[in-house]
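As structure tokens, the structure follows; a few thoughts come after it.
The values are calculated or read from the model by the stated rules, or taken from the named source; none is laboratory data. What you see is a predicted model; the values in this text were computed from it and never measured. When we count neighbours, we look across all protein chains shown, and the Cβ atoms used for this are built from the backbone with ideal geometry, even at glycine.
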Protein chains: 2
Amino acid sequence: MHNGIEYADMQLIAEAYDLLRQVAGYTPAEIADIFGTWNEGRLGSYLIEIAAEVLAHTDARTGLPFVDVVADAAGQKGTGRWTVQTALDLASPVTAIAQATFARAASGQRELRAAYAGLPGGTTPPLSRTEAARFTSQVEHALYASKVVAYDQGWKMIQDAAAEYGWKIDLAAVAGIWRGGCIIRAAFLDRIRAAYTADRDLVSLLSEEGFAREIGDAQVPWREVVASAARRGIPVPAFSAALAHYDTLRAGRLPAALLHGQRDSFGAHTYRRTDLDGAFHTNWARPGRPATEA
Amino acid sequence: MHNGIEYADMQLIAEAYDLLRQVAGYTPAEIADIFGTWNEGRLGSYLIEIAAEVLAHTDARTGLPFVDVVADAAGQKGTGRWTVQTALDLASPVTAIAQATFARAASGQRELRAAYAGLPGGTTPPLSRTEAARFTSQVEHALYASKVVAYDQGWKMIQDAAAEYGWKIDLAAVAGIWRGGCIIRAAFLDRIRAAYTADRDLVSLLSEEGFAREIGDAQVPWREVVASAARRGIPVPAFSAALAHYDTLRAGRLPAALLHGQRDSFGAHTYRRTDLDGAFHTNWARPGRPATEA
């Protein structure tokens, strides 16, 4: 779980870097400075700190920014994969972790990348320096909101696993343990620990007053960043998965209803209704006919 | 694999329905008509046909559209899960299938949905009827492009599995078999069969001239639809995963480079370079020091 969350956090930071570079037009050194500033605020963490360090580094051999010399294919040792495979067994939707894991896999798919190279991308013009500064603030909101969602997915998966396997897990203590010498260490984990200390059965971090207020402030810029990335052709698999998770879970009605109906239509899998208990089946060959109990 | 692709196709159709309903403001009956029209074109398929049938159906008990009465939690029998778990072992990025599988899981997460209910969404105003008609055409492009990417992910996973397990698979024949009585049956599969008949080692459907031209025509409206959904708060996990896959694979440089550097920084995992063969390690404690071979 720790490493699954770490995969998501690293992918989100990488997407923020890519947006600041390709949309805002900043150099790696300038982005190192931005990350350095963010490291003093709510995003302060070991991973942001070393991202700044890597971005500030000049390659001694070429004199180029190190990040432009290192291969753009990320390795993995399998812990992200293991997290997502277990999440699928638990039906626990850790979509930001899944997208981060697949993003590493995609980066290593050389033949596939060669096949897609040259396909057309977005067309919108670059930002002015003033617009870039505003965009940087939007990216900070988007990164923070996506991070809260990714961590929320992780903690919920621990809850789902505890329920499935009959474990007793102190969710506040998990945050306390990871506050120490591990890779996702950050003051942010104190916030999570406090939330689960105040309510040990908290279903979601987003129910906690402080996180809810921050997400409320972040959601419009978060949406603007995901929309800009889509229009400009910058890949943001984890940012957009986190936003889709947020919008899926807060939706009053999901289009899963249509899918649910289709499954009854092609497989007679039956369906449940909003107004009656039980399992129902419709005779789809005669669409006028009332729903009948299966 | 068939069922994994089916999960993606159904989720994409469900997202198209949701956009037409919530952004364009159409009724289920109107969307049934739109899907009926689409069924005569390149999206023609059994799944679009039964989506139209379900949307056109009025619930006999309540007199309401059936899709508003059926529970909005989609069941699953585990075949999508199995596809994604195998894809993770193969490092084959089937992100649209993964997002579709997790979307079903999320729809059934009652407590989590209750926790997120009431969190703020998008703020943009509804579309006029003229704008709605234009948006409908954009959604058709977005659905088609996302579908091509999802099927491309599926066929590539079969190739990755064949390479890993030493199977000899005739990729054109797979399309031919699924052209028959199965759930993803569609004239579209003839296009895939023709592509792999013309080039049995085709790495991606998007390398084939006809698909490449269609994606070229679709990509701007596709981006506009994903951007609109993000800004308006409509969840499009599969549309946006397909677009992120497209933009990831066509990118000249991926921010995986930053991640790759971070992994050397915190774990001395070493890194590869774009200009030299071999594995390298930087002494991050002394950032001025040149890269040294590990």
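Taking the numbered list (1) among the β-branched types (V, I, T); (2) surrounded by fewer than 24 Cβ atoms within 10 Å (Cβ to Cβ); (3) closer than 30 Å to A:Q22 by Cβ in turn, A:T248 passes all entries but (2).
Against the definition (more than 8 Å from chain B (Cβ to nearest Cβ), in a loop (DSSP other than H, G, I, E, B) and more than 25 Å from B:T95 (Cα to Cα)), how does A:G210 come out, yes or no?
Values: more than 8 Å from chain B (Cβ to nearest Cβ): yes; in a loop (DSSP other than H, G, I, E, B): no; more than 25 Å from B:T95 (Cα to Cα): yes.
In short, no.
Residue count for segment A:154-195 under the criterion of being under 23 Å from B:G267 (Cβ atoms) and assigned to a loop (DSSP other than H, G, I, E, B): the result is 8. Checked against (1) under 16 Å from B:R272 (Cα atoms); (2) facing chain B (nearest Cβ under 8 Å); (3) surrounded by fewer than 17 Cβ atoms within 10 Å (Cβ to Cβ); (4) at pLDDT 95 or above, A:D89 passes all but a single condition, namely (1). Pick from segment A:193-207 the residues that are of a type in the set (G, A, S) and more than 10 Å from chain B (Cβ to nearest Cβ): which of them is surrounded by the fewest Cβ atoms within 10 Å (Cβ to Cβ)? In this case the residue turns out to be A:A198. If the condition is being over 11 Å from B:S92 (Cα atoms) and surrounded by 18 or more Cβ atoms within 10 Å (Cβ to Cβ), then segment B:153-171 contributes only B:L171. Quick check, is A:G25 touching a Leu at 6+ places or on another chain (Cβ under 7 Å) and surrounded by fewer than 20 Cβ atoms within 10 Å (Cβ to Cβ)? The answer is yes for A:G25.
The set of residues from segment A:230-245 being within 8 Å of chain B (Cβ to nearest Cβ), part of a helix (DSSP H, G or I) and buried (at least 24 other Cβ atoms within 10 Å of the Cβ) comprises A:A230, A:P237, A:S240, A:A241, A:L243, A:A244, A:H245. With respect to the conditions (1) at pLDDT 95 or above; (2) under 26 Å from B:E224 (Cβ atoms); (3) polar (S, T, N, Q), A:T123 falls short on a single one, namely (1). Which count do you get for residues in segment A:235-252 that are farther than 19 Å from B:A98 by Cβ and out of contact with any Lys or Arg (no Cβ under 9 Å at 6 or more places or on another chain)? Total satisfying the criteria: 1. When each of A:R129, A:R134 is tested for being modelled with pLDDT under 95 and charged (D, E, K, R), the lone residue that passes is A:R129. Restricting segment B:253-273 to residues that are within 7 Å of chain A (Cβ to nearest Cβ) and outside any helix (DSSP H, G or I), which is modelled with the lowest pLDDT? If we take residues in segment B:253-273 being within 7 Å of chain A (Cβ to nearest Cβ) and outside any helix (DSSP H, G or I), then B:H269 is modelled with the lowest pLDDT. Looking at B:R61, is it touching a Pro at 6+ places or on another chain (Cβ under 8 Å), modelled with pLDDT under 95 and within 12 Å of chain A (Cβ to nearest Cβ)? So B:R61 fits the description; yes.
Residues that are under 30 Å from A:A150 (Cα atoms), outside any loop (DSSP other than H, G, I, E, B) and more than 11 Å from chain A (Cβ to nearest Cβ): does segment B:99-122 have at least one? Checked segment B:99-122: no residue is under 30 Å from A:A150 (Cα atoms), outside any loop (DSSP other than H, G, I, E, B) and more than 11 Å from chain A (Cβ to nearest Cβ).
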